[in-house]
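What follows is a single structure, written as structure tokens, with notes after it.
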Amino acid sequence: MPTVFLGTSDFAAAVLEGLAAAGEAPAIVVSRPDRPKGRGRRLASPPAVEAARRLGIEVQQPADVNSAEALAAIEAANPDVLCLCAYGAIIREPLLSAHPMLNLHPSLLPRWRGAAPIERAIMAGDEKTGVSIMRLGAGLDDGPVGLVAEESIDASDTYGGLAKRLQALGSPLLLRALREPLEFVAQDDQAATYADKITAEDRRLDPARPAVELERVVRALHPHIGARLEAPHGPTLGVESSRVAPEVDAPPPAGTLLAAGDRLLLGCTPGTLELLEVKPPGARAMAAADYLRGHGPPSAPQASRSGP
């Protein structure tokens with residue numbers, strides 16, 4: 001079956017590679033334009049583009065996927081169906097109705113429609129998530145669903161680990177959708193929740209929140225985005241890993257960052273968050289004990305701002 005694949009992210013790249021390995025490589029891959037990346041701000045191609053080039057698949061990177069030029073490039077491939085996965089832009093008419101379109105979304109729709117479903121599921125403490133195949137509609141991930149595969153969320157799951165498991169579910173599910181007749185069922189809009197894009201505020205570890213919530217934030221943003229602890233009496237620290245520390249004899253007051261031996265503890269509301277691995281500005285990630293040896297204990301109570 002001739003297809004066109006629309007995708008951008010690492011998740012989309014992994015699904016694309018799975019399709020190609022199963023003999024269902026698309027005729028072309030449509031992705032977003034190259035963008036500046038890293039400290040040098042050099043132009044870099046999206047992960048899906050890099051994967052397509054490795055696979056020898058033609059690539060199109062229109063500035064606007066809904067433009068007449070983009071539609072002409074897709075039509076030239078004469079696809080029976082368009083496969084969409086983490087493309088990162090809204091599909092509008094006339095492209096929306098030009099061909100049947102299957103959207104692979106990493107959540108159990110209608111829960112976590114939107115841009116950051118994996119992160120939001122971990123942040124919320126969900127016990128399970130999954131991947132869904134839906135027909136693309138005019139709204140935000142609100143089309144009828146044809147296939148679903150579930151995956152449990154472990155208490156130690158980071159974004160990186162959970163995303164890999166969902167990628168492994170996604171390619172076979174999309175293959176089934178391409179090869180088997182499906183019955184698509186409308187979503188219950190009343191049960192919908194929305195996974196908004198991760199913002200700078202989402203990254204900030206605010207000790208006015210419970211330690212258990214902040215620990216989930218750290219896991220949800222590792223390793224691709226990263227959580228941050230802002231402190232007026234010290235540097236802003238990236239936090240790579242953490243744990244709730246209920247066994248602390250003398251927990252620090254809420255908003256205080258202190259050293260307890262070789263441990264780095266943040267008082268929260270309620271509870272204590274132990275920072276296990278941190279990333280100082282301009283430095284590599286390191287264990288908290290190494291950070292304390294190199295930088296010394298916090299010199300003053302370090303309260304994170306309570307507002308944005």
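A few comments on the model shown:
- Taking Lys and Arg as +1 and Asp and Glu as -1, the other residues whose beta-carbon sits under 13 Å from that of Val4 total -4.
- Listed by chain and number, the lysines whose C-alpha is less than 29 Å from the C-alpha of Lys37, apart from same-chain residues fewer than 8 away, are Lys164, Lys197, Lys279.
- Judged by the mean number of other Cβ atoms found within 10 Å, the most tightly packed of the peptides 199-210, 279-290, 123-134 leads the ranking 123-134, 199-210, 279-290.
- Net charge in the neighbourhood of Ser152 (other residues with Cβ under 12 Å of its Cβ; Lys, Arg +1, Asp, Glu -1) is -4.
- Taken over region 103-186, the convex hull of the Cα atoms encloses 79 Å³ per residue.
- Helix-only mean residue ellipticity at 222 nm for the chain, each DSSP H run of n ≥ 4 adding -39500 (n - 2.57), per residue, nearest 500: -8000 deg cm²/dmol
- With all pairs of different C-alpha atoms in the average, the Kirkwood value for the hydrodynamic radius of the chain is 21.1 Å.
- Alpha-carbon Debye profile of region 5-91, log10 I(q)/I(0) at 0.11, 0.13 Å⁻¹: -0.28, -0.39
- Based on the Kirkwood approach, the hydrodynamic radius assigned to region 1-54 is 11.5 Å, with every pair of different Cα atoms included.
- Residue-span extension gain [Glu50 to Lys37] - 0.36 nm each, minus C-alpha spacing: 3.2 nm
- As a length-normalised measure over Cα pairs under 8 Å and 6 or more apart, the relative contact order of the chain settles at 13 percent.
- For region 49-59, 3J(HN,Hα) computed residue by residue from phi via the Karplus equation (6.51, -1.76, 1.60; θ = phi - 60°) reads 5, 4, 5, 4, 5, 4, 8, x, 9, 4, 10 Hz, glycine and proline entered as x.
- 3J(HN,Hα) along region 256-266: 9, 10, 9, 9, 10, x, 9, 9, 10, 10, 10 Hz, from the Karplus curve 6.51 cos²θ - 1.76 cosθ + 1.60 with θ = phi - 60°, whole Hz, x for Gly and Pro.
- Of every Cα-Cα pair in region 139-197, the percent that sits beyond 16 Å: 61
- Springs between Cα atoms under 10 Å define the GNM used for the chain, and in it the highest mean-square fluctuation of Arg219, Arg54, Arg176 occurs at Arg54.
- Put simply, the amide H of Val239, placed in the peptide plane, has neighbours under 5 Å in Ala227, Arg228, Leu229, Lys279, leaving out anything fewer than 5 places away on its chain.
- Degrees separating the helix 10-21 axis from the principal Cα axis of the chain, which is the longest one: 40
- Building the convex hull from the alpha-carbon atoms of region 200-295 and averaging its projection over directions returns 5.6 nm².
- Added length on full extension, which subtracts the Cα-Cα distance from 0.36 nm per residue, Glu180 to Asp196: 2.5 nm
- In this structure the amide hydrogen of Thr193, modeled in the peptide plane, comes within under 5 Å of the amide hydrogens of Arg111, Trp112, Arg113, none closer than 5 places in sequence on its chain.
- Charge dipole magnitude, Cβ of K and R +1, D and E -1 - region 3-195, Cα centre, debye nearest 20: 720
- Projecting the Cα positions of Ser241, Ala200, Leu266 onto the charge dipole of region 200-295 (unit charges on Cβ atoms of Lys, Arg, Asp and Glu, taken about the Cα centre) puts Ala200 furthest along the positive direction.
- For region 154-308, averaging the sequence separation of C-alpha pairs within contact (under 8 Å, six or more residues apart) and dividing by the residue count gives a relative contact order of 23 percent.
- Mean-square fluctuations from a GNM of the chain, with a 10 angstrom spring cutoff on Cα atoms, peak among Leu265, Leu182, Leu221 at Leu182.
- Among Glu230, Glu17, Glu183, the residue with the largest mean-square fluctuation in a Gaussian network model of the chain, with springs joining Cα atoms closer than 10 Å, is Glu183.
- Residue by residue, region 96-109 carries 3J(HN,Hα) couplings of 4, 9, 5, 8, x, 10, 9, 10, 8, 10, x, 7, 9, 4 Hz when phi is fed to the Karplus relation 6.51 cos²θ - 1.76 cosθ + 1.60 (θ = phi - 60°); x denotes Gly or Pro.
- Take the Cα of Ser156, step 7 Å toward its Cβ, do the same at Glu93, and the gap between the two points is 5.2 nm.
- Exposure proxy order (Cβ contacts within 10 Å, fewest to most) of His295, His222: His295, His222
Values in this text are rule-based calculations from the coordinates and carry no lab data. Computed from a prediction, not measured in an experiment: that's the story for all the values here. Note that we place each Cβ from the backbone using ideal geometry, even for glycine, and neighbour counts take in every protein chain shown.
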